[in-house]
Amino acid sequence: MSGVPRAHVGKKDAKKNRKEGKVPCVLYGGAEQIHFYLDEKAFVKFLFTPEVFILKVNIGEKSYNTILQDIQYHPVTDRVLHADFLEVLPGKKVNVGLPVKVEGVAPGVLKGGKLHKKLRKIKVRGIPEDMPDYIVVNIGELNIGDSVKVRNMQIPNLEFLDMPSSVIVSVKTARGAGLTPEEEAAAGAAAAEGAEAGAEKKEGEEKK
């Protein structure tokens, strides 16, 4: 992406840039902060994809490897108002959110349970060179009531920043999950019987 240095930094200048379809940005993490702006259309390429990108930004005559660290949207139109980029330096650790990729088939789902994805991204800290494109979570051994938590994940040279007890993915009970056809029929009959008894009780109370 090609950025243009901002000659003036202030609300008036930023407002003018936005009217022209330009987004005020800041690059930090290096020797100094750099204020620049990008064409609003440039954000379409990477904003709505789950992958984490190391973005190459050209500002003036220099190129920087960066990570999009923060972004502000207009509360009504959802247009991009401002963006912060973190410069990626060799050997320097950074905090990023890596997308979660679920692999395998959960036995609990085959029994009728429902798979719930709680975390779409997991926050980690490490050197960019050591980071995978995404975090793989294998659900091949999850039965109904089981879950995978952040504490269960281990990736060499990466520190997990989310709460260890945070659930990434789980298999929850669905009605009739794990029951044999006979048990399911019995449960249905019991439920119908209970509903009928409840209706009779209500009718008797109304007559009183």
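Here is how the numbers come out for the structure above:
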read-out	value
Conditions (1) surrounded by fewer than 17 Cβ atoms within 10 Å (Cβ to Cβ); (2) not in a strand (DSSP E or B); number of the one not met by Gly108	(1)
Any chance Thr77 is in contact with a Lys or Arg (Cβ under 9 Å, 6 or more places away or on another chain) and β-branched (Val, Ile, Thr)	no
Evaluation of Pro99 against (1) out of contact with any Pro (no Cβ under 7 Å at 6 or more places or on another chain); (2) assigned to a strand (DSSP E or B) (one fails), failing number	(1)
Options Glu87, Glu32: the member that is at pLDDT 85 or above and either in contact with a helix residue (DSSP H, G or I) (Cβ under 8 Å, 6 or more places away or on another chain) or of a type outside the set (Phe, Trp, Tyr) (or both)	Glu87
Enumeration of residues in the range 120-145 that are basic (Lys, Arg) and either part of a strand (DSSP E or B) or touching a helix residue (DSSP H, G or I) at 6+ places or on another chain (Cβ under 7 Å) (or both)	Lys121, Lys123, Arg125
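The values are calculated or read from the model by the stated rules, or taken from the named source; none is laboratory data. What you are looking at is a predicted structure, and each value in this text was computed from that prediction instead of being measured. Cβ atoms come from the backbone with ideal geometry, glycine included; neighbour counts cover every protein chain shown.
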